[in-house]
Structure formats: structure tokens, C-alpha cells
Amino acid sequence: MSSNRTRREFLKISALGAAALGLAPLTQLFGQSGDVNSAKLNSRLPGTHASVMGLTCEPLETVRIAIIGIGMRGSEAVRRLMQIEGARITVICDVVGEFLKEANKRLREAGHPEAVEYSGPEDWMEACRRDDVDLVYQCTPWLMHTPVAIYAMKQGKHTAIEVPAAFSLDECWQLVDTAEETRRHCMMLENCCYDFFELATLNMARQDLFGEILHVEGAYIHDLRYLKFLDQKDGGYYKHWRLEYSKKHNGNPYPTHGLGPIAQILGINRGDRFDYLTSMSTKQAGLSRYAAEKFGPDSLEAQSNYLLGDMNTTLIRTVKGRTIKIQHDTTSPRPYDRLHLLTGTKGMARKYPDEAIALEPNAHSFLRPDELKALLTKYEHPLSRQIGEKAKKVGGHGGMDFIMDYRLIYCLHNGLPLDQDVYDAAAWSSIVHLSEKSVQNKSQSIDVPDFTRGAWKEAEPWPVVTVD
Ligand SMILES: NC(=O)c1ccc[n+]([C@@H]2O[C@H](COP(=O)([O-])OP(=O)(O)OC[C@H]3O[C@@H](n4cnc5c(N)ncnc54)[C@H](O)[C@@H]3O)[C@@H](O)[C@H]2O)c1
């Protein structure tokens with residue numbers, strides 16, 4: 001803040017905005033000074049309960065699953081999970097009864113017992129309370145994620161949440177506090193961590209192919225303009241939840257597809273952690289222009305006020321001095337891109353527009369296609385080697401969704417720690433809130449809380465795992 005007057009105005013506007021959203025005013029969240037780095041941001045130390053870093057729970061012979069939200073993503077989850085031995089979908093819940101009927105038809109036709117159906121807007125609570133549920137798997141609109149996850153854990157259930165897991169710092173801390181209190185798993189379903197190339201680069205990084213990795217980049221660049229305006233009855237989102245979020249928020253609301261894989265490679269929360277970030281957004285133009293063309297310049301869609309800048313760029317610095325660039329753009333006409341770029345003292349890799357790797361001593365050029373193919377074969381991650389073929393057949397973003405689900409069920413079945421824990425869910429999701437605060441505050445640098453409460457210092461980077 002450059003002056004007291006500006007600061008006072010910022011606090012007033014922020015408090016009004018927060019009240020409108022039903023959130024705690026920023027003065028409560030950040031302390032009376034209004035300094036984005038002060039007061040409660042890092043003040044949840046120590047926790048009342050022991051850390052759940054590396055949490056192991058009782059092995060489950062059969063993992064009985066309640067899926068909440070059977071829309072675009074949830075119906076695909078039904079299709080994948082029903083093909084995993086040791087998993088059983090016992091409950092399905094959605095406010096659209098037709099989606100439940102379709103899911104049960106799919107289960108029946110595949111020779112599985114039908115799942116119990118719930119269709120009331122608050123029936124998800126009843127679903128979480130049931131005795132025949134071990135895992136509450138959530139594919140709901142964004143703002144339901146944390147409340148449902150908290151409730152599920154409080155009913156003694158493990159929970160898996162679609163991305164992002166939380167939308168405010170308070171929600172991030174609620175997830176951490178509840179997982180520690182209930183000793184239940186809370187995993188964010190970051191499927192991009194299981195993409196074949198992302199897995200291979202993790203394997204390469206663990207074998208020191210790139211040397212010390214100093215800078216990484218990730219993104220979610222996906223033209224969703226058509227989908228954002230589509231009604232649910234025509235295949236769009238429930239009550240246009242993504243569009244509605246764009247009217248109220250700026251920053252990066254969806255950071256984890258790009259961030260998850262590179263955070264795992266860097267060992268975030270395990271040997272390193274996010275220290276601080278700065279974030280900047282372009283103005284909004286894409287949605288308004290698209291709406292004017294599609295619905296007419298005087299339409300409600302074109303006249304609406306959208307806060308979300310078209311392109312957001314967030315830079316994060318880690319405690320160990322590495323840098324991370326994360327971008328978000330869902331309204332520009334351009335090809336899909338997650339970047340997935342990492343660069344170290346011995347070489348670099350990038351996924352888009354074509355997978356490419358350059359290594360010392362010839363890192364001025366990328367490897368030739370035959371050299372790249374040989375390298376990717378040599379360093380294929382055990383998970384894609386073991387279940388990649390089946391995953392490609394089942395599908396789901398080329399197979400990565402199935403690898404994620406398969407590994408989740410495998411870990412629960414064997415009583416193993418999960419690949420992504422509640423600290424990852426909180427740290428990766430906290431970028432939603434922190435990027436918005438930085439954008440609102442002239443890109444002011446803002447601290448990222450240590451959700452592990454110091455456990456990151458002793459923890460080892462996530463290893464190369466298998467499903468042997
Ligand atoms: N990991 C990925 O690759 C990926 C891809 C797409 C979506 N997602 C995430 O999945 C989630 C869902 O996205 P989607 O595209 O399926 O949206 P969607 O709108 O199609 O699905 C949400 C579903 O929740 C249902 N719902 C709404 N209120 C409910 C309530 N009170 N109780 C029960 N059900 C309720 C809706 O009827 C709808 O069917 C989002 O968090 C999104 O970010 C992740």
C-alpha cells in the first residue's frame with residue numbers, strides 16, 4: 001500500500017467484499033494492520049493434534065465409495081472406479097436425479113450392484129454418515145469442496161476432493177486441522193501428477209538427470225468460453241458455477257493442474273516449501289467479447305461484470321531459493337497448455353507444445369526424436385509401466401485419471417500413505433486465495449503459510465512409487 005488513505009480504502013472495500021461472500025473480513029484474516037503478511041497468516045502454530053505427514057490407516061479389504069456430484073467429472077469417476085478391483089461404489093449423490101439413473105445403469109450393465117441414490121441438496125451429509133462408506137469422493141462445484149470434505153472426515157471417512165480443494169486460507173487450515181484431529185486421509189485429486197510425461201520427469205528428477213532444479217513452470221490454459229456459458233441441461237456446469245466464480249474473483253482460481261506435478265518434483269512440503277508469491281492479472285476481455293458475439297452486445301451475458309483477468313501469472317519463491325511460474329487462462333482462443341517446464345543445472349524438460357528434453361553436454365539443442373523416445377522408455381515411471389496400458393484403454397485425460405484412482409485405491413487397500421496429503425491439498429490450493437490477494441494489492445508479495453507446521457524440514461521428497 002503506498003499511502004494510509006489507499007490502505008484504508010483497501011480495507012473498507014475488502015471487508016465489504018468479504019461480507020458479501022459470507023467470509024471473514026480481511027481485517028480478521030490478516031490482522032488489523034491490513035498488511036497481507038501480518039497476523040494470522042502463519043499463526044496456526046502449533047496444531048492441537050499430531051501431524052498427519054505420512055499418515056497410515058487401517059488397510060481396507062474393499063474400498064466402499066460414496067461419489068458426491070455425478071456431473072461431467074463425477075460420471076467419469078463412476079466409469080473409472082467401477083473398473084478397479086477392490087473398489088465398490090456404494091452411494092451416488094447428485095441433485096439431478098437423471099445423472100444418478102445413468103450412473104446406476106452403467107453399474108448394472110457392468111455387472112455391479114446398484115449404488116444407493118441421494119438427490120436432495122443436503123443429502124450429501126446422509127451419504128457421508130453411512131456405515132457402508134469408507135471414502136467420500138467428491139466431484140462437486142468448487143465452493144462445496146471444503147465443507148463436504150470436513151463433514152466427511154468428521155464422520156470418520158477418508159475423503160478425496162476434486163481440484164482445487166479449498167478457496168480461502170481459512171478453508172485450507174480447516175482441512176489441515178480436521179485431518180489432524182480425525183486422523184483421516186484428505187487427498188486432492190490432482191490427476192496431472194499421474195500423466196505419463198509428468199511421471200517420467202519426476203522419475204528423471206529423482207535420478208538427478210536435470211541436476212539441481214532451480215526453476216519450474218506450470219499452467220492451466222484451456223479455452224472454456226463455450227462451456228462456461230452452457231446450461232447444465234445442454235451439458236454445461238451446474239448453475240454456471242465457473243462463470244459465477246469469474247464474476248466475483250480475480251487471481252488464479254485453478255492453479256493445481258500445473259502446480260501439482262512440479263511441486264512434487266521440487267519436494268514442496270518435503271524438504272522445501274512455498275515461501276512467498278507475487279501475482280499479476282491482465283484485465284478481463286475474453287468473456288465479454290465472446291458473450292457480445294454469441295448473445296449480442298446488450299445481452300445480460302455481455303453486460304455482466306467479470307472480475308477474473310484473462311491471464312494470471314503468479315511467481316512463487318521457495319524457501320530453498322527455487323522459483324515457480326504458474327499461469328491461468330480459460331478465456332483466450334489458444335491451444336490447451338499446462339507448460340510443465342523444469343530447468344536445472346544439468347538440463348531441462350518441457351511438455352508443450354511437444355515433449356522435449358535437453359541435457360548436458362549438448363543442451364543447446366533438444367534431443368532428437370529417437371533419443372527422446374529412448375530416454376522416455378528408460379525412465380518410464382513404474383506406475384505407467386505397470387498400469388499404463390489398462391489406463392489408456394479406460395481413458396480419462398489419456399489415462400492419467402485412471403492411474404490416479406488405481407493408485408489411491410491401492411494405497412487405501414494396503415494401508416499406505418497417500419501420494420498427495422492434506423498439506424499438499426492446502427499448500428497447492430492456497431494459491432487461489434493468495435494470488436487473488438496479491439492481484440488486488442498491486443502484486444504485493446505475500447507469504448505462503450507453512451501448513452505442515454515445520455514438518456517439511458524433516459520429510460523426504462515423495463519417492464518413485466509403484467503398485468507391485
Ligand atoms: N481433475 C480434472 O481434470 C477435472 C476436470 C473437470 C472438472 N474437475 C473438477 O471437478 C469438479 C466438478 O466439475 P464438473 O465439470 O463435473 O462440474 P459439473 O457442474 O458437471 O458437476 C457438478 C455436479 O455436482 C452436482 N451438485 C450440485 N450441488 C449439489 C449438491 N448439493 N449435492 C450433490 N450434488 C450437487 C451438480 O448437479 C453437478 O452434476 C470441479 O471441482 C472441477 O474443478 C476436475
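The values are calculated or read from the model by the stated rules, or taken from the named source; none is laboratory data. As the structure is a computational prediction, the values presented were derived from the model and not from experiment. All Cβ positions, glycine included, derive from the backbone under ideal geometry; neighbour counts span all protein chains shown.
Condition check ((1) more than 22 Å from the chain's Cα centre (by Cα); (2) in the same structural domain as PHE274 (by TED's automatic domain parsing); (3) part of a loop (DSSP other than H, G, I, E, B)) across all residues:
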site	(1), (2), (3)
PHE402	no, no, no
ASP405	no, no, no
LEU416	no, no, yes
HIS433	no, yes, no
GLU436	no, yes, no
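Looking at the stretch 148-177, which of the residues that are near the ligand (Cβ under 10 Å from one of its atoms) and surrounded by fewer than 24 Cβ atoms within 10 Å (Cβ to Cβ) is nearest to GLY47 (Cα to Cα)?
First, pick out the residues of the stretch 148-177 that are near the ligand (Cβ under 10 Å from one of its atoms): 148, 161-165.
From what is left, the residues that are surrounded by fewer than 24 Cβ atoms within 10 Å (Cβ to Cβ) are 148, 162-163.
Details: VAL148: 22, GLU162: 25, VAL163: 25 Å.
So the residue we want is VAL148.
Only residues that are under 30 Å from ARG322 (Cα atoms) and among the hydrophobic types (A, V, I, L, M, F, W, C): list them for the stretch 212-271, please.
Once the filter is applied, which keeps residues that are under 30 Å from ARG322 (Cα atoms) and among the hydrophobic types (A, V, I, L, M, F, W, C), the stretch 212-271 yields ILE213, LEU214, VAL216, ALA219, ILE221, LEU259, ILE262, ALA263, ILE265, LEU266, ILE268.
Can you pull out every residue in the stretch 213-231 that is in contact with a Phe, Trp or Tyr (Cβ under 6 Å, 6 or more places away or on another chain) and either within 13 Å of the ligand (Cβ to nearest atom) or in a loop (DSSP other than H, G, I, E, B) (or both)?
TYR220, HIS222, listed by residue number.
Could you please give the count of residues in the stretch 267-313 that are out of contact with any Gly (no Cβ under 7 Å at 6 or more places or on another chain), in contact (Cβ under 8 Å) with a residue 24 or more places away in the chain and of a type outside the set (Gly, Ala, Ser)?
Kept after step one, since they are out of contact with any Gly (no Cβ under 7 Å at 6 or more places or on another chain), are these residues of the stretch 267-313: 267-278, 280, 285-301, 303-309, 311, 313.
Remaining after also requiring in contact (Cβ under 8 Å) with a residue 24 or more places away in the chain: 267-278, 280, 285-287, 290-291, 294-295, 301, 304-309, 311, 313.
Filter once more, keeping what is of a type outside the set (Gly, Ala, Ser): 268-270, 272-278, 280, 287, 290, 294-295, 301, 305-308, 311, 313.
The total comes to 22.
So, in the stretch 351-382, exactly how many residues are under 20 Å from GLY258 (Cβ atoms) and hydrophobic (A, V, I, L, M, F, W, C)? Step through it out loud before you land on a result.
Within the stretch 351-382, the first condition is being under 20 Å from GLY258 (Cβ atoms), and the residues that meet it are 351-357, 381.
Pick out the ones that are also hydrophobic (A, V, I, L, M, F, W, C) and you get 356-357.
Of the residues in that region, 2 qualify.
What about ALA103, is it buried (at least 23 other Cβ atoms within 10 Å of the Cβ) and not assigned by TED's automatic domain parsing to the domain that holds GLN232? Spell out the reasoning first.
Working: buried (at least 23 other Cβ atoms within 10 Å of the Cβ): yes; not assigned by TED's automatic domain parsing to the domain that holds GLN232: yes.
For ALA103, the condition - buried (at least 23 other Cβ atoms within 10 Å of the Cβ) and not assigned by TED's automatic domain parsing to the domain that holds GLN232 - is met.
For every residue, the table says whether it meets (1) more than 16 Å from the ligand (Cβ to nearest atom); (2) outside any strand (DSSP E or B); (3) polar (S, T, N, Q); (4) in the same structural domain as ILE161 (by TED's automatic domain parsing).
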| residue | (1), (2), (3), (4) |
| --- | --- |
| THR48 | yes, yes, yes, no |
| SER75 | no, yes, yes, yes |
| ARG79 | no, yes, no, yes |
| VAL91 | no, no, no, yes |
| PHE99 | no, yes, no, yes |
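If I ask for residues that are more than 9 Å from the ligand (Cβ to nearest atom) and in contact with a Cys (Cβ under 8 Å, 6 or more places away or on another chain), which ones from the stretch 113-131 would you list?
Of everything in the stretch 113-131, just one residue is more than 9 Å from the ligand (Cβ to nearest atom) and in contact with a Cys (Cβ under 8 Å, 6 or more places away or on another chain), namely GLU117.
Inside the stretch 58-84, can you point out the residues that are closer than 23 Å to ARG183 by Cβ and of a type in the set (Asp, Glu)?
GLU58, GLU61
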